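Structure record follows, encoded as structure tokens.
The values are calculated or read from the model by the stated rules, or taken from the named source; none is laboratory data. Keep in mind it's a predicted model, so treat the numbers as computed, not measured. Every residue, glycine among them, receives a Cβ derived from its backbone with ideal geometry; neighbour counts consider all protein chains shown. Just so you know, the surface numbers come from the protein's heavy atoms only, side chains and all, with ligands and any DNA or RNA stripped out. Shrake-Rupley method; radii C 1.70, N 1.55, O 1.52, S 1.80 Å.
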Amino acid sequence: MGWVATPELVAASSNAGAFGFLALATCGPEEAIEMIEKTLTLTDQPFGINFHMFQPGADQIVATVIKHRIKAVSYSRSPVAEYIQEFKKHGVICMPTVGALKHAIKAEELGADALVIQGSEGGGHTGSTPTTLLLSSVLQKVNIPVIAAGGFRDGSGLAAALAWGADGIAMGTRFMMTQESPVPSQTKESYISAGIDDIKITKKFDGLPHRLIFNDYIKKIDHSNPFTLLWISIGSAIKYKQLTQSSYKDLIKAFFAMLKGDDLTISQSVMSANSPAIIQKAMVEGFPEEGAMPSGQVAGIITNLPACEDLVLEIMSDFDQACSKLEGIRR
Ligand SMILES: Cc1cc2nc3c(=O)[nH]c(=O)nc-3n(C[C@H](O)[C@H](O)[C@H](O)COP(=O)(O)O)c2cc1C
């Protein structure tokens, strides 16, 4: 989770008995290496990293993961076969996240050791198949462990996923809504007050299906026609330029790369180039109404911000209760 799964949150999760994944897809190689090394100082428990194999400096990130014997890597779009082979050679577990059956099959062919399948309920970029259906369809076709993600928050969800055939669950939104999460408190409050129906998917934000809280800013984007969208996008691009001190040349370069690479419309390309700044507005700077808040629908039924340790203990105690209840039903 870009700007959310920091060394502090990852270490707190792993120290509590979960398995944290450090978010490196939104930083350059030097910052990524610093974050890995910082996490190693905060926990002696295993953790993983999430990155894009196509991001600038991916070579350096791969080398650092291997050097520090990081336990697992998570990735999604455009996997690189050579990196996967390199990781496997050094015993790093390759655990991509997929949102569709065809991507699950492809990921296994490319050498994944396990899969995280993210159903459409899940936060951030997401697919269109609900978790339960995606899980069942993937389980019929692959022979590696499958972790279910999208819509989980507690131990009864864990019990349900295991009963459904999963080997575990992954949670993004639930761990973002914790004490150790770096998200500013006013933004966390927006997550607490969002209802299930306020958290929807739009393709207009950055050209890919993205599940977000529909605040006034995202509603405006979602209802815009292509011309208004282009106008909003240009305004955001100018703000992004000021914020990041980029040159117009950098903006134009990013714009053409998006237009060429991802088959996006002109306004989506402009928006896509500056979506990081819009997400940071809410997630880093603490202006939830002026920015974008990626979120799983599960935020609509989360009402608290526990410490990671309490959260994991509660999940395990709920899990035990759910199993006892099922045992009772079976007898
Ligand atoms: C704020 C936020 C940012 C995310 N960023 C990423 C990311 O950078 N890379 C990634 O693979 N998944 C990302 N995800 C997806 C999560 O890793 C996870 O698969 C998802 O949150 C699971 O669904 P849930 O939100 O219902 O728990 C993000 C999710 C959220 C809520």
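Odds and ends about this structure:
- Qualifying residue in the stretch 36-58 (condition: at pLDDT below 95, aromatic (Phe, Trp, Tyr) and open to solvent by 10 Å² or more (accessible area, probe 1.4 Å)): yes
- Qualifying positions in the stretch 281-331 - in a loop (DSSP other than H, G, I, E, B), small (Gly, Ala, Ser) and more than 15 Å from the ligand (Cβ to nearest atom): ALA307
- Annotation note: Cβ proximity below 7 Å between a residue of the stretch 27-40 that is over 14 Å from PHE51 (Cα atoms) and a residue that is part of a helix (DSSP H, G or I) and of a type in the set (Gly, Ala, Ser) (sequence gap 6+ or interchain) occurs for THR39/ALA11.
- For the criterion of being crowded, with 22+ Cβ neighbours inside 10 Å, in a strand (DSSP E or B) and within 14 Å of the ligand (Cβ to nearest atom), ALA166 fails.
- Residue within the stretch 76-87 that is within 16 Å of the ligand (Cβ to nearest atom), touching a Ser or Thr at 6+ places or on another chain (Cβ under 9 Å) and either open to solvent by less than 10 Å² (accessible area, probe 1.4 Å) or in the same structural domain as LEU313 (by TED's automatic domain parsing) (or both) present: yes
- Scanning the stretch 11-35 for residues that are open to solvent by less than 70 Å² (accessible area, probe 1.4 Å) and not aliphatic (A, V, I, L, M) gives SER13, SER14, GLY17, GLY20, PHE21, THR26, CYS27, GLY28, PRO29.
- Annotation note: of ILE49, ILE36, the sole residue that is under 15 Å from the mean Cα position of the chain (by Cα), within 16 Å of the ligand (Cβ to nearest atom) and not in a loop (DSSP other than H, G, I, E, B) is ILE49.
- Among residues of the stretch 1-28 being part of a helix (DSSP H, G or I) and more than 16 Å from the ligand (Cβ to nearest atom), the one that is nearest to CYS94 (Cα to Cα) is ALA11.
- Among the residues listed as GLN45, GLN55, the single one being more than 26 Å from GLU309 (Cα to Cα) and either out of contact with any His (no Cβ under 7 Å at 6 or more places or on another chain) or assigned by TED's automatic domain parsing to the domain that holds ILE117 (or both): GLN55
- Condition check for ASP154: more than 10 Å from the ligand (Cβ to nearest atom) and not assigned by TED's automatic domain parsing to the domain that holds ALA18: no
- For the stretch 169-182, filtered to residues that are under 16 Å from LEU311 (Cα atoms) and more than 10 Å from the ligand (Cβ to nearest atom), the residue that is most open to solvent (accessible area, probe 1.4 Å) is GLN179.
- Scanning the stretch 73-97 for residues that are part of a strand (DSSP E or B) and free of Cβ contacts under 8 Å to residues at least 40 places away in the same chain, we see that the one that is farthest from GLN55 (Cα to Cα) is CYS94.
- Scan the stretch 101-144 for residues that are in a loop (DSSP other than H, G, I, E, B) and within 13 Å of the ligand (Cβ to nearest atom) and the total you get is 8.
- Candidates ILE201, ILE238: the one that is in contact with a Pro (Cβ under 8 Å, 6 or more places away or on another chain), among the aliphatic types (A, V, I, L, M) and open to solvent by 60 Å² or more (accessible area, probe 1.4 Å) is ILE201.
- For LEU259, the criteria (1) surrounded by 13 or more Cβ atoms within 10 Å (Cβ to Cβ); (2) at pLDDT 65 or above hold in every case but one, which is (2).
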